[in-house]
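Single-structure report; data block below.
The values are calculated or read from the model by the stated rules, or taken from the named source; none is laboratory data. Just so it is clear, the model here is predicted, and its values are computed rather than measured. Cβ atoms come from the backbone with ideal geometry, glycine included; neighbour counts cover every protein chain shown. These area figures cover heavy atoms from the full protein model, side chains too; ligands, DNA and RNA do not enter into them. Shrake-Rupley method; radii C 1.70, N 1.55, O 1.52, S 1.80 Å.
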Amino acid sequence: MAFSFKPVDTAFYTLLTAQAVHLVDGAALLAELLDEGKDRADLAARMREAEHQADETTHEVVRRVNSTFVTPFDREDIYALSSVLDDVMDYMEEAVDLVLLYEVDHLPEGVTEQIEVLQRCAEVTAESMPRLQSLKDLEEYWIEINRLENTGDKSYRRILAKLFSGQYEALEVMKLKDIVDSLEHAIDGFEKVANIVEQIYVKES
């Protein structure tokens, strides 16, 4: 008689969900950039602390993978998923830091939509991570992330068209493009997360 062993340790699902919740927190801080009256030095400090907490959770995922004999799904997929979640947080923190370092007072039109896309991506990712355990109701997740990523791409292209329209000084264009690039990379990161989730679903279901 053949036996099928499935690990009952739920720590990986808990940790991956925690990583996604960190992104919800990071996106909320990112939205504070839109309030031009905010103390941006304080905002950057809070964002760095949030990124540090997210790093700690990522390191715990890696430690647990390295010390666990049988993981709930392929350890390579756990590494990849955790790493990309961490990358998204890094890009969000980078955007806030660049606004402070470049002393940018006014963000270009369209950044609001980028940040709204990031907030929604973070929310649906945090809602979906716990469902990795049952592998149920995940299809809607990567479909929604793909839709949001397309919205983000359109917004990014419109921002670039505005930046290169001639109404900004060259140095200002360089500064603002760095910031919107970081936001775009974060949005792209969510699509990578969704692709890995889909890959896990196909392998394990």
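Out of all the residues in region 169-189, which are under 16 Å from Leu98 (Cβ atoms) and part of a loop (DSSP other than H, G, I, E, B)?
Answer for region 169-189, where residues must be under 16 Å from Leu98 (Cβ atoms) and part of a loop (DSSP other than H, G, I, E, B): there is none.
Being basic (Lys, Arg), closer than 15 Å to Pro108 by Cα, open to solvent by 70 Å² or more (accessible area, probe 1.4 Å) and without any contact (Cβ under 8 Å) to a residue 40 or more places away in the chain narrows it down to one residue among Arg157, Arg120; which is it?
When all the criteria are applied, what remains is Arg157.
Can you name the residue in region 163-205 that is of a type in the set (Gly, Ala, Ser) and under 22 Å from Glu127 (Cα atoms) and, of all such residues, is most open to solvent (accessible area, probe 1.4 Å)?
By that ranking, first place goes to Ser205.
Which numbered condition in (1) of a type in the set (A, V, I, L, M); (2) touching a residue at least 60 places away in the same chain (Cβ under 8 Å); (3) over 20 Å from Val24 (Cβ atoms); (4) buried (at least 16 other Cβ atoms within 10 Å of the Cβ) is the only one that Val65 fails?
Condition (2) is where Val65 drops out.
Spot the failing condition for Lys6; the list is (1) open to solvent by 60 Å² or more (accessible area, probe 1.4 Å); (2) modelled with pLDDT of 95 or more, and only one is missed.
It is condition (2) that Lys6 fails.
State which residue is nearest to Asp25 (Cα to Cα) when the search covers only region 125-145 and only residues that are of a type in the set (A, V, I, L, M) and open to solvent by 10 Å² or more (accessible area, probe 1.4 Å).
Result: Ala126.
For region 14-31, what are the residues that are open to solvent by 10 Å² or more (accessible area, probe 1.4 Å), of a type outside the set (Gly, Ala, Ser) and touching a residue at least 12 places away in the same chain (Cβ under 8 Å)?
Leu15, Thr17, Val21, His22, Val24, Asp25, Leu29
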